[in-house]
Amino acid sequence: MDYQPVLVQKHARPAPPRHSADSRYWRQFKHPVFVKEYAPVTSVHFAPSKPHRYAVTAATRVQIYAPRTQKITKTISRFKDVARSGSIRADGKLLVAGDDSGLIQIFDVNSRAILRTLEGHKQPVHVTKFSSLDQTQVLSCSDDTTVRLWDVPSQSPITIFQSHTDYVRSGQVSTTDPHLILTGSYDGTVRLFDTRTGECEMLMGAVGDSHAAHGSTPVEQVLMFPSGTVALSSAGSILRVWDLVAGGRCTRALSNHQKTVTSLAFNSNASRVLTGGLDHMVKVYDVSNYNVVHTMRYPAPVLCLAVSPDDTHIAAGMSDGTLSVRRRQPKASEASAADGPFSAASLRAGTFESFLGGTIPNLGQLQIKDKTKARPVGDVDEFKVETKRRKRLKEYDRLLKTFKYSAALDSVLRKQIPPTTTFALIQELIHRDGLRSALAGRDDVLLEPILRLLLKHVSDPRFGEMVCDVAGVVIEMYTPVLGQSPLIDTLFLRLRKKVAAELRFQKELVKAKGALDMVFATAALSVS
């Protein structure tokens, strides 16, 4: 009869946490590059056009970085005071920025020359953005409580909105209607303005509605969905969702940050919204249900946040002057879809016409490789002899097979052997009535690993019962020689203390279980 190897039982263990598809995707943004600025980074903006350079505003300058190398390509420092909100136009040729003196300047990105100067604000300008639908218009929001839409060629304001009563620190022109402007102010309100009427058409966060009101909490950021039907705003640690079609009704209020939410950003298709806060955290929400699908931790409070239009970079500016850029390597399928000849961009550019001249490859000439291997076919009457390879035995199985019980036990007491294997062998020794012979005749050097094994796993519910049985045998066999080795005596004392502590713990658990049973019984009686 063949020798039967030791059967190692698999004990139930809690399943490791599985990351969702969202979490796996956002974990691809790794290997962050940290750039140290001289002052807090207050604004990061990616250019909508390729190669998606990004403008970083800190102190009295705006620096433009190349996304591939993370190197500075241009530095604009022609500001009279602290610069704010450097933003690149959709074509990537112009940059607009404000400063704390109330001045707004428009620069040529390549030459860094000042093309236009817009004067009118009396206090710091924290928001300057080009309109995405009309490249000759610029939106500005200032601490003088006014919101202005400027005509760049004439350097004069088209409309001035004065409905806010406190600092206006956030604003955006709708991406679907150039006449609609969404703003958030430190007066605790979110307003939707219309340049055709020059009035506030929708007020959100009013104090009258306690559920939907920001109250006296300053509104730090606002963000409008590309559809123009839903808006987001952050005040304190609360993120609110506003239904613009329903007259500015608050549909959700989310509180997942511990401190103030300072920045909001969409991914490329606006299916996820990212929020950055002073609690060093960036959270990713699924806009279909507004559940947090991923969280990123940063070393300092996050002041600004931006995602590149091609979803390959996440840039975050922090209060300690650190700029963090996380990069994701796009898959080949994504690159081919974005840059291939049949991509949406190439079709819009008219490159499909080049295929009409007969340059489309002949599909019939494409060679398709068959990856299935052909199996050799033999004679029908051929007689096949099946051979089985004998499985190689483990070291402890070979020792058990030759009845070397003590050596087999020593072979599973090494550090790299899992405890399941060790206790499976001990169980086999008990079945063979060979545990005593395996433990007999040991000096302090050979007895030490056994006591350390018992000491380590005496409170493990998987092996606790077997540890008690083995400990009883060891104590019975080696009680006459106690006191001859200080190390062995110390291990026995530690084992006794650990057993006593485990007994006290089990008693407390029984008390807690009894108290919970009484609470549940009382609750059941009250319900019935």
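Being touching a residue at least 60 places away in the same chain (Cβ under 8 Å) and of a type outside the set (Gly, Ala, Ser) narrows it down to one of PRO301, PRO309, so name that one.
Within the list PRO301, PRO309, the selection yields PRO309.
Restricting the search to the stretch 273-317, which residues are of a type in the set (Phe, Trp, Tyr) and either in contact with a Leu (Cβ under 9 Å, 6 or more places away or on another chain) or in a strand (DSSP E or B) (or both)? Show your work before the answer.
To start, the set of residues in the stretch 273-317 that are of a type in the set (Phe, Trp, Tyr) comprises 285, 290, 298.
Matches in the stretch 273-317: TYR285, TYR290.
Could you tell me whether any residue of the stretch 288-300 is within 16 Å of the chain's Cα centre (by Cα) and of a type in the set (S, T, N, Q)?
yes
Does CYS250 fit the bill of being surrounded by fewer than 23 Cβ atoms within 10 Å (Cβ to Cβ), within 21 Å of GLY277 (Cβ to Cβ), of a type in the set (A, V, I, L, M, F, W, C) and in contact with a Phe, Trp or Tyr (Cβ under 8 Å, 6 or more places away or on another chain)?
Numbers: surrounded by fewer than 23 Cβ atoms within 10 Å (Cβ to Cβ): yes; within 21 Å of GLY277 (Cβ to Cβ): yes; of a type in the set (A, V, I, L, M, F, W, C): yes; in contact with a Phe, Trp or Tyr (Cβ under 8 Å, 6 or more places away or on another chain): yes.
Yes.
What's the number of the only condition in (1) over 18 Å from LYS129 (Cα atoms); (2) touching a Ser or Thr at 6+ places or on another chain (Cβ under 6 Å); (3) of a type in the set (Ser, Thr, Tyr) that THR69 fails to meet?
All conditions are met except number (2).
Is the stretch 112-120 home to any residue that is surrounded by fewer than 20 Cβ atoms within 10 Å (Cβ to Cβ), in contact with a Pro (Cβ under 8 Å, 6 or more places away or on another chain), among the β-branched types (Val, Ile, Thr) and more than 24 Å from LEU274 (Cβ to Cβ)?
No: the stretch 112-120 contains no residue that is surrounded by fewer than 20 Cβ atoms within 10 Å (Cβ to Cβ), in contact with a Pro (Cβ under 8 Å, 6 or more places away or on another chain), among the β-branched types (Val, Ile, Thr) and more than 24 Å from LEU274 (Cβ to Cβ).
Restricting the first residue to the stretch 117-129 and requiring it to be of a type in the set (D, E, K, R), which pairs with a second residue that is in a loop (DSSP other than H, G, I, E, B) meet a Cβ separation below 6 Å and a spacing of at least six or different chains?
Pairs found: LYS122/GLY102; LYS122/ASP144.
Taking GLN221 and the conditions (1) under 23 Å from VAL127 (Cα atoms); (2) touching a His at 6+ places or on another chain (Cβ under 9 Å); (3) surrounded by 18 or more Cβ atoms within 10 Å (Cβ to Cβ); (4) not hydrophobic (A, V, I, L, M, F, W, C), which numbered condition does it fall short on, given that it satisfies the others?
(2)
Taking the options SER227, SER154, name whichever one is free of Cβ contacts under 8 Å to residues at least 40 places away in the same chain and surrounded by fewer than 16 Cβ atoms within 10 Å (Cβ to Cβ).
Selected residue: SER154, the only one of SER227, SER154 that is free of Cβ contacts under 8 Å to residues at least 40 places away in the same chain and surrounded by fewer than 16 Cβ atoms within 10 Å (Cβ to Cβ).
Given (1) among the aliphatic types (A, V, I, L, M); (2) exposed (fewer than 13 other Cβ atoms within 10 Å of the Cβ); (3) in contact with a Lys or Arg (Cβ under 7 Å, 6 or more places away or on another chain), where does ALA501 come up short, assuming only one miss?
For ALA501, the failing item is (3).
Scan ALA83, ALA66, ALA15 and give me the residue that is out of contact with any His (no Cβ under 9 Å at 6 or more places or on another chain) and modelled with pLDDT under 85.
Working: ALA83 fails: modelled with pLDDT under 85; ALA66 fails: modelled with pLDDT under 85.
Every option except ALA15 fails the conditions.
Give the stretch 319-331 a look and list any residue that's within 17 Å of the chain's Cα centre (by Cα) and part of a strand (DSSP E or B), or say none.
Residues satisfying the conditions are SER324, VAL325, ARG326, ARG327.
Pick out, from the stretch 125-191, the strands (runs of 3 or more DSSP E) lying fully within it that include 2 or more residues that are in contact with a strand residue (DSSP E or B) (Cβ under 8 Å, 6 or more places away or on another chain) and under 16 Å from GLN221 (Cβ atoms).
The strands (runs of 3 or more DSSP E) meeting that bar are 125-130, 137-142, 168-173, 180-185.
The values are calculated or read from the model by the stated rules, or taken from the named source; none is laboratory data. As the structure is a computational prediction, the values presented were derived from the model and not from experiment. Neighbour counts are summed over all protein chains in view; Cβ atoms, including those assigned to glycine, are modelled from backbone coordinates with ideal geometry.
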